[in-house]
Each structure stands twice: as C-alpha cells, then as structure tokens.
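All remarks here apply to the structure that follows.
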Amino acid sequence: MAKSQGNAPGAGPDRPWADSLQRGRVPGPRLAQQRVVDGTGPGTRSVHAGTYEDPVTGAVGTPVFQSSTFAFTEDTYEAFDQGHIRDVPIYGRYGSPNQWAVQEKIASLEGAESALVCSSGMAAITTTLLALTNRGGHIISSRDVYGGTFNLLREDMHQLGRSVTFTDPTDLDAIRAAVRDDTQVLFFETLTNPLLKALPLRELGELAREHGLLLVVDNTFLSPVCLRPLEHGAHLVIHSATKYLNGHSDVTAGVVSGPRKYVDRVWSQLLKFGGSLDAMICFLLERGLKTLALRMRQHSVNADALAGFLAGHSAVRAVHHPGRPGYPYRWLHELCTEGWGGMVSFELEGGDEAALKLLDRLRLPVVATSLGGVESLVSLPFNTSHSFLTARQRLGVGIEPGLVRFSAGIEDTADLLADLDQALGGL
Ligand code: PLP
C-alpha cells in the first residue's frame, strides 16, 4: 500500500487480515540479507545464523548500524498500514538490523520462531511477565530464582495487581496445588542458583497445557547449547545474555525467545517500558555468541572435573553438580545432551570462615558476582546473593555454612584444578 493510501478504514482486498483472527505470522523479524543456516548444529548456528551479509561491502560480520532512526520507504508505510511495524526498520527502540541479527542467531539456537533482545536479563524478565499477565492475574514461581527476580516477584508484582505464589520448583504436586482460576504464568529457572536444582521441564510443560497456562523459564545457567526448553514444553525462554550468551563479562543484555505470537506481545510491552538494546551492544553480543557452543563445551568439561576433584577432597562436605552420582534431579540428564554448563557449588567442612580463606587463596578465579564468563568467577552466597537472609533463613533454603558458588571459565582444566588444590590445602 502506498503512503497516500494509509489509514483506510475496515477490511477490503488490500487489508484481508482485518477480517481474520488467523492473521499469518512469519518468523523473525529478519531482513532478506540475513544468513539462514537451517539444519545445522549449534556450533554452526553460533557462528553463522542471522549474520547480516552486507551487499555493498561484502563484510563477513554484521556491520554496526549506529542509527536511532531509519528513512521511511514504501515498505515502512505499508507496514504501518498493515500493522506489522516490528518487521521493518523504523526506530531504534522498535527494532534495528543489529537487534535482528543477534535475535536471529539466538532464535536459531533456541529453535524459536522469534527472539527479542532487551537491555538486561531483568528487563527481559520484567517485560515478559507484565506482557503475559494482566491485573488480577496470578503467577506461580519459586524462591529458587535469581535474587533480582525474586525481589520483583515479591515486592513489585502485587503493586501491579498480580499475585505470586512461591513453590519448590522441583515439586510438581506443590505446583499443581498452587494453580488457581486466575493463574496465568508459571515462571521458573531451568537450573537454579546456587544449588543447581533442575526443573522437571517436560512435566511442567504438560501441566501448563492441561491448565491453559504459559510456562516461561529462565535458562541462563544452561544456555541453548545445553538445553533448549522450547523443545521440551516451555512456551518462552529467557536469558540474562550478560552470562553465557555473551560470555565475556563485558555486556549487560537479556533476551526472550519463543513463538512469535508471544514474543510480539513482549515486544509491544518493551516499546512502552523502553528496555531496548543499543546497536553497539548487539554487535558485541553477536560476536560473543559466535563462540557459544565452543565455550559451553569447555565450561562443562571444567565444571565436571572440578566437581569430581572437590567430591574427593577432605575439606569439602558436599558438592552440588548435575554430574555427581547422587544428584537428585536426574531428569536433567535426559534433557541436556551437551553437558550442563560451568556451574558448581560446594560446601566446605570449615564453614563460612574456611570459604572466606579459600577465596583469599585462589589465584585464577576472579572473586566477583555473575557467571558464564570466559574467566572463572567465584563468590559466597552468604555474603552476596543471600546476605539479606538470616543464617537460619539461609539454612531454610538449603544454603549451608561454607557454601561456595563457582562459575568455571574456559581456562585449562589442569590449571583450575591445581589452583583449587593449593587453595584448599590445610582448610
Ligand atoms: N536470571 C539469572 C538466572 C541471573 O543469574 C541473573 C543475573 O545474575 C539475571 C536473570 C538478571 O540478569 P541481568 O543481570 O542481565 O539483568
């Protein structure tokens, strides 16, 4: 439709969708110049999927389109008229070639129709939950979620007219019992912090469908290389892309992926909340993602080796890691085919004092919050993520004295083991 014909009222031969609730949805948004690598493995998708192939210069990577607005064309007016403005470059907050390139790569890795990048993981979570629920709606979630998410659910949701019930994410009966007539969304993490409890994803997906609910999961700890939740029943999958997806501890970003009908709803909420991702950050995220599959393999190898070593050490009381023989959430082994990422938690016999000494002695890992970077990161829940709880409350959520959270980086395994060995000596 030409620009002069815009805003024609009602349906007609030019506006067939106006009569139809079956309005067709296409994957994307994507540009014709973006690379498609269907039928390939995660390593190939990490490298190639979504890349903008510049017809003018032949640049092999997506150029940075550092522009907040894009010149109108006939396509723009048609998009306004037909109601698909998410599919054309209009304005930076609405979408841009750099957002679309990185979104397409992530969508390809997740097996999703569409993805939407946001300015942080929290922006993705907040925007998604508010887009998929309305006033009076009820969310079922858990205390076993990232602290920022828990605070949002506990402190803000009721102000916004949503109620939240907190359950054990591994207890299907408790989750089923919490379902009410006004329940709209189930929100859980696929692998929890810091005790690495795994979500019974398939069963939860079935429960969600049985009750007409949406299952939204935060898959930050695993990445789509280890687990693709959409293949196992989740409706939407969220990541703090700050972690494994970017992988270099130099970007803050988030992403939500899934069927376009849901992602479009999140997008229209994001337009209002404004948590869009800048082109330069998209460029960095796209570059980081190119090595995702490669990095995840080494993260997993390192965490497996550390967990094995720690389990045999006299200073260590317990190890929480999906690879350990006594790991209680065995269903994760069926869901994850390429390892379970780089997280490992362990408790020291000497309690929090010993844990503080350990952090002083470690030479390679950086003592810092966050996870999923190429460098190993280590922190103690008692004085960071769970410091707002009393010692008794910490015990109540399974945080024993001496608990250490270790995000294994991609360093040489032998170096990490040697460093841990020297740091644990005499503790
Ligand atoms: N989800 C999980 C599991 C996290 O660990 C974090 C941050 O640590 C977030 C979400 C929030 O992400 P961001 O810091 O990118 O907002």
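The values are calculated or read from the model by the stated rules, or taken from the named source; none is laboratory data. Please read all numbers here as calculations on a predicted model, not as lab measurements. So basically every Cβ, Gly included, is an ideal-geometry build from the backbone, and we count neighbours across all protein chains shown. These area figures cover heavy atoms from the full protein model, side chains too; ligands, DNA and RNA do not enter into them. Shrake-Rupley method; radii C 1.70, N 1.55, O 1.52, S 1.80 Å.
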### Message
Just to be sure I understand: with springs between alpha-carbon atoms less than 10 Å apart, which residue in PHE406, PHE283, PHE273 has the highest mean-square fluctuation in the Gaussian network model of the chain?
### Response
PHE273
#### Entry: Signed unit charges on C-beta, dipole axis of region 16-289, positive-most listed residue SER108, HIS248, HIS235
HIS248
### Query
In the chain, what percentage of the DSSP-assigned beta bridges are antiparallel, given to the nearest 5?
55
## Note on the structure
Most fluctuating of VAL185, VAL263, VAL397 in the GNM of the chain (C-alpha, under 10 Å) is VAL397
### Query
Using modelled backbone amide H atoms (1.01 Å from N, in-plane), which distant-in-sequence or interchain residues come within less than 5 Å of GLY247's amide H?
none
### Task
Within 10 Å, count the other beta carbons around each residue, average over each peptide in 30-41, 99-110, and list them highest first.
99-110, 30-41
#### Entry: Net charge of neighbours whose Cβ lies under 14 Å from the Cβ of ALA112, counting Lys and Arg as +1 and Asp and Glu as -1
+1
### Query
If you take the square roots of the eigenvalues of the alpha-carbon gyration tensor of the chain and sort them as a ≥ b ≥ c, do you get rounded (a/c under 1.5), prolate (a/b over b/c) or oblate?
prolate
### Most mobile of ALA279, ALA293, ALA368 in a GNM of the chain (Cα contacts under 10 Å)
ALA368
### Query
In what sequence, largest accessible area first, do PHE150, PHE72 appear using a 1.4 Å probe?
PHE72, PHE150
### Query
How many Lys pairs in the chain lie less than 19 angstrom apart by Cα atoms, where the lysines are 8 or more positions apart or on different chains?
6
### Query
When the dipole is taken about the Cα centre of the chain, and only Lys, Arg (+1) and Asp, Glu (-1) are charged at their Cβ, what size is it in debye, to the nearest 20?
480
### Task
Enter the accessible area per residue of region 16-289 (Å², integer; probe 1.4 Å; all protein chains in place).
39
## Note on the structure
Rounded to 0.05, the calculated FRET efficiency for the beta carbons of HIS248 and ARG176 at R₀ = 41 Å is 0.50
### Task
Scan around LEU348 for amide H atoms under 5 Å from its own, H built in the peptide plane at 1.01 Å from N, and keep only partners 5 or more places away or cross-chain.
ARG317, LEU403, VAL404
### Message
Can you give me the solvent accessible area of TRP267 with a 1.4 Å probe, rounded to the nearest 10 Å²?
### Response
30
### Task
Normalise the Debye intensity by I(0) for region 297-427, one equal point scatterer per Cα, no solvent, then take log10 at q = 0.17, 0.21 Å⁻¹ and round to two decimals.
-0.88, -1.32
### the chain - mean residue ellipticity at 222 nm from DSSP helices (-39,500 (n - 2.57) per run, n ≥ 4, rounded to 500)
-10000 deg cm²/dmol
### Query
Hey, if you put +1 on the Cβ of every Lys and Arg and -1 on every Asp and Glu Cβ in region 293-425, which of PHE406, THR384, GLY350 ends up farthest toward the positive end of that dipole?
THR384
